[in-house]
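Everything below concerns the one structure shown next.
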Amino acid sequence: MIGIIKKNAMFYVIYGLFFLIMSTVMWHSSMDRLRTPIAVINSFFMFFSVVVPALSAEVLEEKHRGYAFLMTLPLKLETVVRAKMALPIIAVFVIVVYNLGLFQFFESTPSVLADCVKIILLNASGAIMLAGAVYILMYRYNVRALMMILVFTGVIFNLLGLIAVRTRSLVNIFEWPELIVSGRPAWIFVVMILASLGVYHLIFRRALRLKEERLFD
Amino acid sequence: MNRILEANGLRKEYRTFTLDGVTLEIPKGTILGLIGPNGSGKTTTIRMLMKMTRPDAGSIRMFGLGLDAHEKEIKNRIGYVGEEQFYYENKRVSWTGNFVSQYFEKWDREMFDSLLKEFDLDSSQKVGKLSKGMKVKLSFAIAFSHNPELMILDEPTAGLDPVIRREILDRLLAFRDDHDGSVFISSHITDDIVRIADHVAFIVDGKIVIHAEKDEILSDWKRLHFRPGAIEGEIVTGLRCVEAHAFGSTGVTNKYRELEGRIAPAVAAGDVKVENVNLDDILIAFVKGGRA
(Lines give C-alpha, C1' and ligand atoms only; values in the text may rest on other atoms or scores of the structure.)
Protein backbone atom coordinates (compact mmCIF):
# COMPACT_ATOMS: atom_id res chain seq x y z
CA MET A 1 0.00 0.00 0.00
CA ILE A 2 2.85 2.36 0.89
CA GLY A 3 4.41 1.89 -2.56
CA ILE A 4 1.22 2.93 -4.33
CA ILE A 5 0.77 5.89 -1.99
CA LYS A 6 4.35 6.99 -2.65
CA LYS A 7 3.90 6.57 -6.42
CA ASN A 8 0.79 8.77 -6.50
CA ALA A 9 1.81 11.19 -3.73
CA MET A 10 3.94 13.26 -6.11
CA PHE A 11 0.81 14.61 -7.81
CA TYR A 12 -0.60 15.73 -4.46
CA VAL A 13 2.71 17.24 -3.39
CA ILE A 14 3.06 19.28 -6.60
CA TYR A 15 -0.51 20.59 -6.67
CA GLY A 16 -0.69 20.82 -2.88
CA LEU A 17 2.44 22.97 -2.65
CA PHE A 18 1.11 25.31 -5.31
CA PHE A 19 -2.23 25.75 -3.56
CA LEU A 20 -0.66 26.06 -0.11
CA ILE A 21 1.60 28.84 -1.33
CA MET A 22 -1.33 30.59 -3.01
CA SER A 23 -3.37 30.13 0.13
CA THR A 24 -0.62 31.66 2.28
CA VAL A 25 -0.24 34.65 -0.01
CA MET A 26 -3.98 35.27 -0.01
CA TRP A 27 -4.41 34.97 3.73
CA HIS A 28 -1.45 37.23 4.26
CA SER A 29 -2.84 39.91 1.94
CA SER A 30 -6.41 39.66 3.21
CA MET A 31 -7.73 42.36 5.52
CA ASP A 32 -11.07 40.78 6.42
CA ARG A 33 -10.74 36.98 6.71
CA LEU A 34 -14.43 36.13 6.53
CA ARG A 35 -16.13 38.70 4.38
CA THR A 36 -13.60 38.72 1.61
CA PRO A 37 -13.24 36.22 -1.24
CA ILE A 38 -10.39 34.60 0.68
CA ALA A 39 -12.51 32.10 2.59
CA VAL A 40 -14.25 31.07 -0.62
CA ILE A 41 -11.06 30.92 -2.63
CA ASN A 42 -9.43 28.92 0.12
CA SER A 43 -12.16 26.32 -0.18
CA PHE A 44 -11.61 26.18 -3.94
CA PHE A 45 -7.91 25.61 -3.29
CA MET A 46 -8.74 22.75 -1.02
CA PHE A 47 -11.10 21.21 -3.58
CA PHE A 48 -8.56 21.53 -6.35
CA SER A 49 -5.78 20.12 -4.15
CA VAL A 50 -7.84 16.97 -3.85
CA VAL A 51 -9.55 16.63 -7.22
CA VAL A 52 -6.82 17.60 -9.68
CA PRO A 53 -4.13 15.24 -8.32
CA ALA A 54 -6.61 12.35 -8.08
CA LEU A 55 -7.63 12.87 -11.71
CA SER A 56 -4.05 13.37 -12.90
CA ALA A 57 -2.88 10.19 -11.18
CA GLU A 58 -5.75 8.24 -12.66
CA VAL A 59 -5.16 9.57 -16.18
CA LEU A 60 -1.57 8.35 -15.94
CA GLU A 61 -2.70 5.03 -14.46
CA GLU A 62 -5.05 4.45 -17.38
CA LYS A 63 -2.47 5.59 -19.92
CA HIS A 64 -0.01 2.95 -18.72
CA ARG A 65 -2.68 0.31 -18.03
CA GLY A 66 -1.39 0.51 -14.46
CA TYR A 67 -4.15 -1.60 -12.96
CA ALA A 68 -3.29 -4.48 -15.33
CA PHE A 69 0.31 -4.23 -14.12
CA LEU A 70 -0.59 -3.93 -10.43
CA MET A 71 -2.88 -6.95 -10.61
CA THR A 72 0.09 -9.14 -11.60
CA LEU A 73 1.68 -8.32 -8.22
CA PRO A 74 0.74 -9.83 -4.85
CA LEU A 75 -1.80 -7.09 -4.32
CA LYS A 76 -5.54 -7.09 -3.95
CA LEU A 77 -7.48 -4.53 -5.93
CA GLU A 78 -8.93 -3.44 -2.61
CA THR A 79 -5.44 -2.49 -1.41
CA VAL A 80 -4.78 -0.51 -4.59
CA VAL A 81 -8.06 1.42 -4.41
CA ARG A 82 -7.65 1.95 -0.65
CA ALA A 83 -4.17 3.42 -1.18
CA LYS A 84 -5.40 5.72 -3.92
CA MET A 85 -8.40 6.89 -1.94
CA ALA A 86 -6.33 7.42 1.20
CA LEU A 87 -4.36 10.17 -0.52
CA PRO A 88 -7.15 12.79 -0.72
CA ILE A 89 -7.78 12.27 3.00
CA ILE A 90 -4.09 12.74 3.77
CA ALA A 91 -4.06 15.86 1.55
CA VAL A 92 -7.12 17.31 3.30
CA PHE A 93 -5.54 16.61 6.69
CA VAL A 94 -2.31 18.38 5.71
CA ILE A 95 -4.21 21.36 4.30
CA VAL A 96 -6.40 21.67 7.41
CA VAL A 97 -3.40 21.53 9.74
CA TYR A 98 -1.51 24.05 7.60
CA ASN A 99 -4.48 26.42 7.46
CA LEU A 100 -5.05 26.18 11.20
CA GLY A 101 -1.42 27.24 11.61
CA LEU A 102 -1.97 30.14 9.21
CA PHE A 103 -5.02 31.35 11.15
CA GLN A 104 -3.10 31.34 14.40
CA PHE A 105 -0.33 33.31 12.77
CA PHE A 106 -2.37 35.88 10.85
CA GLU A 107 -5.54 36.29 12.89
CA SER A 108 -5.69 37.67 16.42
CA THR A 109 -9.43 38.33 16.93
CA PRO A 110 -10.80 35.26 18.80
CA SER A 111 -14.30 35.32 17.25
CA VAL A 112 -12.95 35.64 13.71
CA LEU A 113 -10.38 32.95 14.42
CA ALA A 114 -13.11 30.60 15.64
CA ASP A 115 -15.16 31.20 12.49
CA CYS A 116 -12.09 30.66 10.33
CA VAL A 117 -11.58 27.25 11.95
CA LYS A 118 -15.23 26.38 11.31
CA ILE A 119 -14.88 27.41 7.67
CA ILE A 120 -11.84 25.26 7.15
CA LEU A 121 -13.60 22.27 8.76
CA LEU A 122 -16.62 22.89 6.54
CA ASN A 123 -14.39 23.09 3.48
CA ALA A 124 -12.61 19.90 4.54
CA SER A 125 -15.92 18.01 4.79
CA GLY A 126 -16.86 19.24 1.32
CA ALA A 127 -13.45 18.31 -0.09
CA ILE A 128 -13.70 14.78 1.33
CA MET A 129 -17.15 14.26 -0.20
CA LEU A 130 -16.01 15.76 -3.49
CA ALA A 131 -13.00 13.41 -3.60
CA GLY A 132 -15.34 10.45 -3.07
CA ALA A 133 -17.62 11.64 -5.86
CA VAL A 134 -14.63 12.06 -8.18
CA TYR A 135 -13.52 8.46 -7.55
CA ILE A 136 -17.02 7.14 -8.25
CA LEU A 137 -17.16 9.14 -11.49
CA MET A 138 -13.62 8.11 -12.48
CA TYR A 139 -14.33 4.44 -11.97
CA ARG A 140 -17.68 4.59 -13.70
CA TYR A 141 -16.81 6.83 -16.64
CA ASN A 142 -13.86 7.76 -18.80
CA VAL A 143 -11.20 9.56 -16.75
CA ARG A 144 -9.94 11.70 -19.62
CA ALA A 145 -13.46 12.93 -20.34
CA LEU A 146 -13.84 13.78 -16.66
CA MET A 147 -10.56 15.71 -16.74
CA MET A 148 -11.76 17.69 -19.74
CA ILE A 149 -15.04 18.44 -17.96
CA LEU A 150 -13.07 19.70 -14.96
CA VAL A 151 -10.90 21.98 -17.09
CA PHE A 152 -13.95 23.23 -18.97
CA THR A 153 -15.81 23.85 -15.70
CA GLY A 154 -12.79 25.74 -14.36
CA VAL A 155 -12.70 27.98 -17.42
CA ILE A 156 -16.47 28.64 -17.20
CA PHE A 157 -16.24 29.50 -13.48
CA ASN A 158 -13.36 31.85 -14.15
CA LEU A 159 -15.31 33.62 -16.86
CA LEU A 160 -18.42 33.83 -14.68
CA GLY A 161 -16.30 35.10 -11.78
CA LEU A 162 -14.76 37.74 -14.01
CA ILE A 163 -18.19 38.86 -15.19
CA ALA A 164 -19.56 38.84 -11.62
CA VAL A 165 -16.69 40.93 -10.29
CA ARG A 166 -17.04 43.37 -13.19
CA THR A 167 -20.77 43.74 -12.53
CA ARG A 168 -20.30 43.71 -8.71
CA SER A 169 -22.90 40.92 -8.40
CA LEU A 170 -20.54 38.53 -6.62
CA VAL A 171 -20.18 40.48 -3.40
CA ASN A 172 -23.01 38.70 -1.62
CA ILE A 173 -21.72 35.27 -2.60
CA PHE A 174 -18.56 35.97 -0.64
CA GLU A 175 -20.62 36.34 2.49
CA TRP A 176 -21.68 32.68 2.52
CA PRO A 177 -18.93 31.42 4.81
CA GLU A 178 -19.88 33.90 7.48
CA LEU A 179 -23.60 33.15 7.07
CA ILE A 180 -23.02 29.43 7.48
CA VAL A 181 -20.58 29.37 10.38
CA SER A 182 -21.32 32.40 12.53
CA GLY A 183 -23.13 31.60 15.76
CA ARG A 184 -23.01 27.85 15.23
CA PRO A 185 -21.12 25.66 17.70
CA ALA A 186 -17.82 24.22 16.53
CA TRP A 187 -18.80 20.63 17.34
CA ILE A 188 -21.26 20.64 14.42
CA PHE A 189 -18.34 21.05 12.04
CA VAL A 190 -16.33 18.34 13.78
CA VAL A 191 -19.34 16.01 13.42
CA MET A 192 -19.53 16.99 9.74
CA ILE A 193 -15.92 15.91 9.27
CA LEU A 194 -16.58 12.58 10.97
CA ALA A 195 -19.78 12.06 8.97
CA SER A 196 -18.01 12.85 5.70
CA LEU A 197 -15.29 10.32 6.59
CA GLY A 198 -18.01 7.72 7.22
CA VAL A 199 -19.66 8.48 3.89
CA TYR A 200 -16.23 8.40 2.23
CA HIS A 201 -15.74 4.86 3.51
CA LEU A 202 -19.07 3.81 1.98
CA ILE A 203 -18.05 5.52 -1.26
CA PHE A 204 -14.78 3.56 -1.14
CA ARG A 205 -16.72 0.26 -1.01
CA ARG A 206 -18.86 1.37 -3.96
CA ALA A 207 -15.84 2.63 -5.93
CA LEU A 208 -14.10 -0.70 -5.36
CA ARG A 209 -17.10 -2.60 -6.70
CA LEU A 210 -17.24 -0.34 -9.76
CA LYS A 211 -13.55 -0.85 -10.44
CA GLU A 212 -13.88 -4.61 -10.00
CA GLU A 213 -16.72 -4.66 -12.54
CA ARG A 214 -14.72 -2.63 -15.05
CA LEU A 215 -11.53 -4.64 -14.62
CA PHE A 216 -12.67 -8.18 -13.99
CA ASP A 217 -15.99 -8.67 -15.84
CA MET B 1 0.10 -36.54 -6.40
CA ASN B 2 0.92 -33.09 -5.08
CA ARG B 3 -1.06 -30.68 -7.25
CA ILE B 4 0.23 -27.12 -7.48
CA LEU B 5 -2.74 -25.86 -9.44
CA GLU B 6 -6.30 -27.13 -9.63
CA ALA B 7 -8.93 -25.31 -11.67
CA ASN B 8 -12.38 -26.84 -11.68
CA GLY B 9 -15.26 -26.03 -13.98
CA LEU B 10 -14.21 -22.50 -14.82
CA ARG B 11 -16.89 -20.70 -16.75
CA LYS B 12 -17.03 -17.21 -18.19
CA GLU B 13 -19.72 -15.99 -20.49
CA TYR B 14 -19.19 -13.09 -22.86
CA ARG B 15 -21.54 -11.89 -25.56
CA THR B 16 -19.70 -13.65 -28.35
CA PHE B 17 -17.72 -16.30 -26.51
CA THR B 18 -18.14 -18.68 -23.60
CA LEU B 19 -15.39 -20.39 -21.68
CA ASP B 20 -17.11 -23.50 -20.51
CA GLY B 21 -16.17 -25.88 -17.74
CA VAL B 22 -12.40 -25.53 -17.96
CA THR B 23 -10.76 -28.02 -15.62
CA LEU B 24 -6.98 -28.18 -15.34
CA GLU B 25 -4.39 -29.45 -12.93
CA ILE B 26 -0.63 -29.22 -12.67
CA PRO B 27 1.33 -31.68 -10.54
CA LYS B 28 4.31 -30.26 -8.68
CA GLY B 29 7.51 -30.13 -10.70
CA THR B 30 5.84 -30.46 -14.09
CA ILE B 31 5.14 -28.25 -17.08
CA LEU B 32 1.65 -28.00 -18.56
CA GLY B 33 1.33 -26.51 -22.03
CA LEU B 34 -1.97 -25.00 -23.11
CA ILE B 35 -2.54 -25.01 -26.84
CA GLY B 36 -5.44 -23.50 -28.70
CA PRO B 37 -6.27 -21.34 -31.69
CA ASN B 38 -6.83 -17.59 -31.40
CA GLY B 39 -9.88 -16.74 -29.35
CA SER B 40 -10.19 -20.22 -27.88
CA GLY B 41 -9.98 -19.02 -24.28
CA LYS B 42 -6.29 -19.39 -23.38
CA THR B 43 -5.84 -15.84 -22.16
CA THR B 44 -9.21 -15.80 -20.40
CA THR B 45 -8.20 -18.96 -18.53
CA ILE B 46 -4.86 -17.48 -17.52
CA ARG B 47 -6.46 -14.19 -16.49
CA MET B 48 -8.77 -16.13 -14.20
CA LEU B 49 -5.79 -17.91 -12.65
CA MET B 50 -4.24 -14.49 -11.98
CA LYS B 51 -7.55 -13.17 -10.65
CA MET B 52 -7.67 -10.59 -13.41
CA THR B 53 -10.97 -11.93 -14.72
CA ARG B 54 -13.78 -13.02 -12.46
CA PRO B 55 -15.19 -16.45 -13.37
CA ASP B 56 -18.98 -16.85 -13.50
CA ALA B 57 -18.56 -20.32 -12.02
CA GLY B 58 -15.83 -22.72 -10.94
CA SER B 59 -13.03 -22.72 -8.42
CA ILE B 60 -9.27 -22.26 -8.44
CA ARG B 61 -6.83 -23.64 -5.90
CA MET B 62 -3.09 -23.19 -5.96
CA PHE B 63 -0.59 -24.64 -3.49
CA GLY B 64 -3.63 -26.12 -1.76
CA LEU B 65 -5.09 -22.64 -1.12
CA GLY B 66 -8.24 -21.08 -2.53
CA LEU B 67 -7.42 -18.17 -4.84
CA ASP B 68 -10.21 -15.91 -3.57
CA ALA B 69 -9.20 -16.15 0.06
CA HIS B 70 -5.41 -16.28 -0.44
CA GLU B 71 -4.80 -14.06 -3.47
CA LYS B 72 -1.82 -12.23 -2.02
CA GLU B 73 -0.08 -15.33 -0.67
CA ILE B 74 -0.64 -17.21 -3.92
CA LYS B 75 0.59 -14.39 -6.15
CA ASN B 76 3.71 -14.17 -4.03
CA ARG B 77 4.49 -17.69 -5.17
CA ILE B 78 3.70 -17.13 -8.85
CA GLY B 79 5.92 -15.72 -11.58
CA TYR B 80 3.72 -14.25 -14.30
CA VAL B 81 4.52 -13.19 -17.81
CA GLY B 82 1.50 -11.98 -19.75
CA GLU B 83 0.68 -11.79 -23.41
CA GLU B 84 1.11 -8.00 -23.26
CA GLN B 85 3.56 -6.25 -21.00
CA PHE B 86 2.13 -3.37 -18.98
CA TYR B 87 4.52 -1.15 -17.10
CA TYR B 88 4.72 2.51 -16.15
CA GLU B 89 6.44 3.53 -19.35
CA ASN B 90 7.68 6.84 -17.96
CA LYS B 91 9.63 5.01 -15.26
CA ARG B 92 13.05 3.44 -15.52
CA VAL B 93 13.81 -0.28 -15.41
CA SER B 94 15.51 0.17 -12.02
CA TRP B 95 12.44 1.99 -10.63
CA THR B 96 10.23 -0.83 -11.87
CA GLY B 97 12.44 -3.39 -10.11
CA ASN B 98 12.39 -1.38 -6.89
CA PHE B 99 8.64 -0.89 -7.10
CA VAL B 100 7.74 -4.55 -7.56
CA SER B 101 10.33 -5.64 -4.98
CA GLN B 102 8.19 -4.04 -2.25
CA TYR B 103 5.42 -6.53 -2.86
CA PHE B 104 7.29 -9.82 -3.26
CA GLU B 105 8.34 -11.42 0.00
CA LYS B 106 11.22 -13.39 -1.52
CA TRP B 107 12.59 -10.74 -3.87
CA ASP B 108 16.20 -11.44 -4.82
CA ARG B 109 17.82 -8.16 -5.81
CA GLU B 110 21.06 -9.79 -6.90
CA MET B 111 19.24 -12.20 -9.16
CA PHE B 112 17.26 -9.33 -10.71
CA ASP B 113 20.42 -7.34 -11.43
CA SER B 114 22.17 -10.36 -12.86
CA LEU B 115 19.18 -11.21 -15.08
CA LEU B 116 19.08 -7.63 -16.36
CA LYS B 117 22.72 -8.01 -17.37
CA GLU B 118 22.12 -11.41 -18.88
CA PHE B 119 19.14 -10.14 -20.88
CA ASP B 120 21.11 -7.06 -21.93
CA LEU B 121 18.68 -4.68 -20.24
CA ASP B 122 19.93 -1.28 -19.17
CA SER B 123 18.52 -0.51 -15.73
CA SER B 124 18.71 3.25 -16.36
CA GLN B 125 16.58 3.04 -19.50
CA LYS B 126 12.94 4.09 -19.44
CA VAL B 127 10.58 1.17 -19.88
CA GLY B 128 8.74 3.03 -22.64
CA LYS B 129 11.91 2.97 -24.73
CA LEU B 130 12.21 -0.82 -24.57
CA SER B 131 11.17 -2.93 -27.54
CA LYS B 132 8.42 -5.52 -27.14
CA GLY B 133 10.99 -8.30 -26.82
CA MET B 134 12.96 -6.35 -24.21
CA LYS B 135 9.79 -5.82 -22.19
CA VAL B 136 9.17 -9.56 -22.27
CA LYS B 137 12.71 -10.05 -20.97
CA LEU B 138 12.03 -7.55 -18.19
CA SER B 139 8.91 -9.51 -17.29
CA PHE B 140 10.94 -12.71 -17.12
CA ALA B 141 13.58 -11.00 -15.00
CA ILE B 142 10.87 -9.92 -12.54
CA ALA B 143 9.13 -13.29 -12.66
CA PHE B 144 12.31 -15.24 -11.86
CA SER B 145 13.64 -12.78 -9.28
CA HIS B 146 11.11 -13.46 -6.57
CA ASN B 147 11.78 -17.20 -6.43
CA PRO B 148 8.35 -18.41 -7.58
CA GLU B 149 7.13 -21.97 -7.25
CA LEU B 150 4.82 -21.73 -10.24
CA MET B 151 5.31 -19.81 -13.47
CA ILE B 152 2.19 -18.78 -15.36
CA LEU B 153 3.06 -17.69 -18.88
CA ASP B 154 0.71 -16.44 -21.55
CA GLU B 155 2.32 -16.60 -25.00
CA PRO B 156 5.61 -15.58 -23.44
CA THR B 157 7.93 -16.26 -26.34
CA ALA B 158 5.97 -14.28 -28.92
CA GLY B 159 8.14 -11.40 -30.07
CA LEU B 160 11.40 -12.91 -28.85
CA ASP B 161 14.29 -13.70 -31.15
CA PRO B 162 15.17 -17.42 -31.47
CA VAL B 163 18.29 -17.11 -29.31
CA ILE B 164 16.57 -15.57 -26.30
CA ARG B 165 13.52 -17.77 -26.87
CA ARG B 166 15.67 -20.88 -26.56
CA GLU B 167 17.40 -19.38 -23.52
CA ILE B 168 14.05 -18.75 -21.82
CA LEU B 169 12.84 -22.27 -22.54
CA ASP B 170 16.07 -23.73 -21.15
CA ARG B 171 15.63 -21.59 -18.07
CA LEU B 172 12.11 -22.92 -17.62
CA LEU B 173 13.41 -26.48 -17.89
CA ALA B 174 16.07 -25.69 -15.29
CA PHE B 175 13.37 -24.12 -13.11
CA ARG B 176 11.48 -27.43 -13.22
CA ASP B 177 14.49 -29.72 -12.89
CA ASP B 178 16.62 -27.81 -10.37
CA HIS B 179 13.96 -26.12 -8.25
CA ASP B 180 11.09 -28.58 -8.61
CA GLY B 181 9.14 -25.65 -10.03
CA SER B 182 5.94 -25.95 -12.03
CA VAL B 183 5.03 -24.11 -15.20
CA PHE B 184 1.76 -23.35 -16.91
CA ILE B 185 2.46 -22.03 -20.38
CA SER B 186 0.14 -21.15 -23.21
CA SER B 187 1.62 -20.77 -26.63
CA HIS B 188 0.81 -20.67 -30.31
CA ILE B 189 4.29 -21.96 -30.92
CA THR B 190 3.72 -25.67 -30.43
CA ASP B 191 7.44 -26.34 -30.89
CA ASP B 192 7.97 -24.62 -27.53
CA ILE B 193 5.37 -26.84 -25.89
CA VAL B 194 6.83 -30.01 -27.44
CA ARG B 195 10.24 -28.99 -26.22
CA ILE B 196 9.40 -28.39 -22.59
CA ALA B 197 5.93 -29.63 -21.59
CA ASP B 198 5.24 -32.80 -19.63
CA HIS B 199 1.49 -32.43 -19.97
CA VAL B 200 -0.53 -30.77 -22.69
CA ALA B 201 -4.05 -29.38 -22.71
CA PHE B 202 -5.86 -28.38 -25.88
CA ILE B 203 -8.54 -25.74 -25.66
CA VAL B 204 -10.96 -25.23 -28.54
CA ASP B 205 -14.00 -22.93 -28.50
CA GLY B 206 -13.71 -22.40 -24.75
CA LYS B 207 -13.58 -26.09 -23.86
CA ILE B 208 -10.68 -28.29 -22.85
CA VAL B 209 -10.73 -31.11 -25.38
CA ILE B 210 -7.59 -32.96 -24.28
CA HIS B 211 -5.65 -32.81 -21.03
CA ALA B 212 -3.07 -35.57 -20.74
CA GLU B 213 0.62 -36.37 -20.65
CA LYS B 214 2.36 -35.19 -23.79
CA ASP B 215 3.88 -38.61 -24.58
CA GLU B 216 0.50 -40.26 -24.07
CA ILE B 217 -1.09 -37.83 -26.52
CA LEU B 218 1.61 -38.36 -29.10
CA SER B 219 1.25 -42.15 -28.69
CA ASP B 220 -2.52 -42.01 -29.13
CA TRP B 221 -2.63 -39.64 -32.05
CA LYS B 222 -1.35 -40.97 -35.37
CA ARG B 223 -2.05 -40.37 -39.00
CA LEU B 224 -3.14 -43.47 -40.93
CA HIS B 225 -2.67 -43.79 -44.69
CA PHE B 226 -4.80 -46.67 -45.92
CA ARG B 227 -5.84 -48.36 -49.13
CA PRO B 228 -9.56 -48.61 -49.86
CA GLY B 229 -11.07 -51.44 -47.81
CA ALA B 230 -7.92 -51.97 -45.70
CA ILE B 231 -9.69 -50.79 -42.56
CA GLU B 232 -13.40 -50.51 -42.05
CA GLY B 233 -16.22 -49.93 -39.63
CA GLU B 234 -15.77 -47.82 -36.54
CA ILE B 235 -12.04 -47.52 -37.17
CA VAL B 236 -12.75 -45.42 -40.24
CA THR B 237 -15.72 -43.58 -38.77
CA GLY B 238 -13.58 -42.66 -35.78
CA LEU B 239 -10.94 -40.94 -37.90
CA ARG B 240 -10.67 -37.17 -38.14
CA CYS B 241 -9.65 -35.07 -41.11
CA VAL B 242 -10.21 -37.88 -43.57
CA GLU B 243 -9.05 -37.07 -47.06
CA ALA B 244 -9.31 -39.29 -50.09
CA HIS B 245 -6.59 -39.25 -52.73
CA ALA B 246 -5.45 -41.31 -55.69
CA PHE B 247 -3.76 -44.04 -53.65
CA GLY B 248 -6.32 -44.35 -50.89
CA SER B 249 -7.26 -42.24 -47.89
CA THR B 250 -5.65 -40.49 -44.97
CA GLY B 251 -7.11 -39.80 -41.54
CA VAL B 252 -6.04 -39.00 -38.01
CA THR B 253 -6.89 -41.25 -35.08
CA ASN B 254 -6.74 -40.42 -31.40
CA LYS B 255 -6.96 -44.08 -30.34
CA TYR B 256 -3.91 -45.55 -31.91
CA ARG B 257 -2.91 -47.62 -28.89
CA GLU B 258 -6.34 -49.29 -28.93
CA LEU B 259 -6.24 -49.83 -32.66
CA GLU B 260 -2.63 -50.94 -32.94
CA GLY B 261 -3.36 -54.67 -32.53
CA ARG B 262 -6.39 -54.61 -34.79
CA ILE B 263 -4.68 -52.91 -37.70
CA ALA B 264 -1.36 -54.77 -37.27
CA PRO B 265 -2.10 -57.29 -40.08
CA ALA B 266 -3.00 -54.47 -42.48
CA VAL B 267 0.15 -52.63 -41.48
CA ALA B 268 2.23 -55.79 -41.99
CA ALA B 269 0.63 -56.27 -45.42
CA GLY B 270 1.51 -52.72 -46.36
CA ASP B 271 -2.14 -51.67 -46.72
CA VAL B 272 -1.92 -49.21 -43.84
CA LYS B 273 0.93 -46.89 -43.02
CA VAL B 274 1.20 -45.17 -39.65
CA GLU B 275 2.76 -41.75 -39.30
CA ASN B 276 3.47 -39.67 -36.22
CA VAL B 277 1.64 -36.39 -35.90
CA ASN B 278 2.73 -33.24 -34.11
CA LEU B 279 0.73 -31.02 -31.77
CA ASP B 280 -0.15 -28.68 -34.64
CA ASP B 281 -1.76 -31.58 -36.50
CA ILE B 282 -3.82 -32.46 -33.44
CA LEU B 283 -4.96 -28.90 -33.01
CA ILE B 284 -5.92 -28.70 -36.69
CA ALA B 285 -7.80 -32.00 -36.34
CA PHE B 286 -9.85 -30.46 -33.54
CA VAL B 287 -10.44 -27.15 -35.24
CA LYS B 288 -11.34 -28.68 -38.58
CA GLY B 289 -13.26 -31.44 -36.78
CA GLY B 290 -14.30 -33.49 -39.78
CA ARG B 291 -14.87 -36.98 -38.59
CA ALA B 292 -15.40 -39.31 -41.48
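The values are calculated or read from the model by the stated rules, or taken from the named source; none is laboratory data. These numbers come from a predicted model, not from an experiment. Every residue, glycine as well, gets a Cβ built from its backbone with ideal geometry; the counts of neighbours run over all protein chains shown.
Identify all residues within the range B:94-112 that are away from every other protein chain (no Cβ under 14 Å) and either touching a helix residue (DSSP H, G or I) at 6+ places or on another chain (Cβ under 8 Å) or among the hydrophobic types (A, V, I, L, M, F, W, C) (or both); write none if there are none.
Once the filter is applied, which keeps residues that are away from every other protein chain (no Cβ under 14 Å) and either touching a helix residue (DSSP H, G or I) at 6+ places or on another chain (Cβ under 8 Å) or among the hydrophobic types (A, V, I, L, M, F, W, C) (or both), the range B:94-112 yields B:108, B:109, B:111, B:112.
Of all the residues that make up the range B:118-127, how many are within 28 Å of the chain's Cα centre (by Cα), surrounded by fewer than 19 Cβ atoms within 10 Å (Cβ to Cβ) and either free of Cβ contacts under 8 Å to residues at least 24 places away in the same chain or within 14 Å of chain A (Cβ to nearest Cβ) (or both)?
2
If residue A:192 satisfies all but one of (1) away from every other protein chain (no Cβ under 14 Å); (2) at pLDDT 80 or above; (3) loosely packed, with under 13 Cβ neighbours inside 10 Å, what's the number of the condition it fails?
With (1) away from every other protein chain (no Cβ under 14 Å); (2) at pLDDT 80 or above; (3) loosely packed, with under 13 Cβ neighbours inside 10 Å applied to residue A:192, the lone miss is (3).
Quick check: anything in the range B:97-112 surrounded by fewer than 16 Cβ atoms within 10 Å (Cβ to Cβ), among the small types (Gly, Ala, Ser) and assigned by TED's automatic domain parsing to the domain that holds residue B:44?
Scanning the range B:97-112 turns up no residue that is surrounded by fewer than 16 Cβ atoms within 10 Å (Cβ to Cβ), among the small types (Gly, Ala, Ser) and assigned by TED's automatic domain parsing to the domain that holds residue B:44.
Kindly evaluate residue A:123 against the criterion of being in contact (Cβ under 8 Å) with a residue 40 or more places away in the chain, crowded, with 22+ Cβ neighbours inside 10 Å, touching a Ser or Thr at 6+ places or on another chain (Cβ under 6 Å) and farther than 30 Å from residue B:128 by Cα.
For residue A:123, the condition - in contact (Cβ under 8 Å) with a residue 40 or more places away in the chain, crowded, with 22+ Cβ neighbours inside 10 Å, touching a Ser or Thr at 6+ places or on another chain (Cβ under 6 Å) and farther than 30 Å from residue B:128 by Cα - is met.
Residue by residue through the range B:60-78, note down the ones that are touching a residue at least 40 places away in the same chain (Cβ under 8 Å) and under 18 Å from residue B:103 (Cα atoms).
B:76, B:77, B:78
So, in the range B:127-174, exactly how many residues are in contact with a strand residue (DSSP E or B) (Cβ under 7 Å, 6 or more places away or on another chain) and farther than 27 Å from residue B:106 by Cβ?
0
Across the range B:47-68, what is the number of residues that are within 11 Å of chain A (Cβ to nearest Cβ) and either under 19 Å from the mean Cα position of the chain (by Cα) or of a type in the set (A, V, I, L, M, F, W, C) (or both)?
6
Based on what the data block shows, is residue B:137 of a type in the set (D, E, K, R), more than 14 Å from chain A (Cβ to nearest Cβ) and at negative phi?
yes
Select from the range A:82-93 the residues that are away from chain B (no Cβ under 14 Å) and surrounded by 15 or more Cβ atoms within 10 Å (Cβ to Cβ) and list them in ascending order.
Selection gives A:84, A:85, A:86, A:87, A:88, A:89, A:91, A:92.
Scan (1) of a type outside the set (S, T, N, Q); (2) in contact with an Asp or Glu (Cβ under 8 Å, 6 or more places away or on another chain); (3) more than 20 Å from residue B:5 (Cβ to Cβ) for the single condition residue B:185 breaks and write down its number.
The one condition residue B:185 does not meet is (3).
Residues of the range B:242-258 being out of contact with any Asp or Glu (no Cβ under 7 Å at 6 or more places or on another chain) and in a helix (DSSP H, G or I), which ones? Lay out the reasoning, then the answer.
Of all residues in the range B:242-258, those out of contact with any Asp or Glu (no Cβ under 7 Å at 6 or more places or on another chain) come to B:242-248, B:251, B:253, B:258.
If the condition is that a residue be out of contact with any Asp or Glu (no Cβ under 7 Å at 6 or more places or on another chain) and in a helix (DSSP H, G or I), then B:258 is the only one that fits.
I'm trying to understand the selection: among the residues of the range B:259-287, which are under 27 Å from the mean Cα position of the chain (by Cα), in a helix (DSSP H, G or I) and either within 14 Å of residue B:235 (Cα to Cα) or hydrophobic (A, V, I, L, M, F, W, C) (or both)?
The answer is B:279, B:282, B:283, B:284, B:285, B:286, B:287.
Please state which one of B:228, B:156 is outside any strand (DSSP E or B) and under 15 Å from the mean Cα position of the chain (by Cα).
On inspection, the qualifying residue turns out to be B:156.
With the requirement that a residue be out of contact with any Asp or Glu (no Cβ under 9 Å at 6 or more places or on another chain), at the interface with another protein chain (Cβ under 10 Å from one of its Cβ atoms) and of a type in the set (Ser, Thr, Tyr), what does the range A:52-79 give you?
Result: A:72, A:79.
Kindly state which strands (runs of 3 or more DSSP E) lie completely within the range B:1-43 and contain at least 3 residues that are touching a residue at least 24 places away in the same chain (Cβ under 8 Å) and among the β-branched types (Val, Ile, Thr).
Those strands (runs of 3 or more DSSP E) span B:18-27.
With respect to residue B:201, determine if the residue is at pLDDT 90 or above and outside any helix (DSSP H, G or I).
Taking the combined requirement at face value, the residue satisfies it.
Is the range B:168-182 home to any residue that is part of a loop (DSSP other than H, G, I, E, B) and of a type outside the set (A, V, I, L, M, F, W, C)? Lay out the reasoning, then the answer.
Filtering the range B:168-182 for residues part of a loop (DSSP other than H, G, I, E, B) gives B:180-181.
Checking the rest, the ones that are also of a type outside the set (A, V, I, L, M, F, W, C) come to B:180-181.
Within the range B:168-182 (the criterion being part of a loop (DSSP other than H, G, I, E, B) and of a type outside the set (A, V, I, L, M, F, W, C)), the answer is yes, since at least one residue qualifies.
Would you pick out the residues in the range B:73-92 that are buried (at least 19 other Cβ atoms within 10 Å of the Cβ) and either in a loop (DSSP other than H, G, I, E, B) or away from chain A (no Cβ under 14 Å) (or both)?
Of everything in the range B:73-92, those that are buried (at least 19 other Cβ atoms within 10 Å of the Cβ) and either in a loop (DSSP other than H, G, I, E, B) or away from chain A (no Cβ under 14 Å) (or both) turn out to be B:77, B:82, B:85, B:87, B:88.
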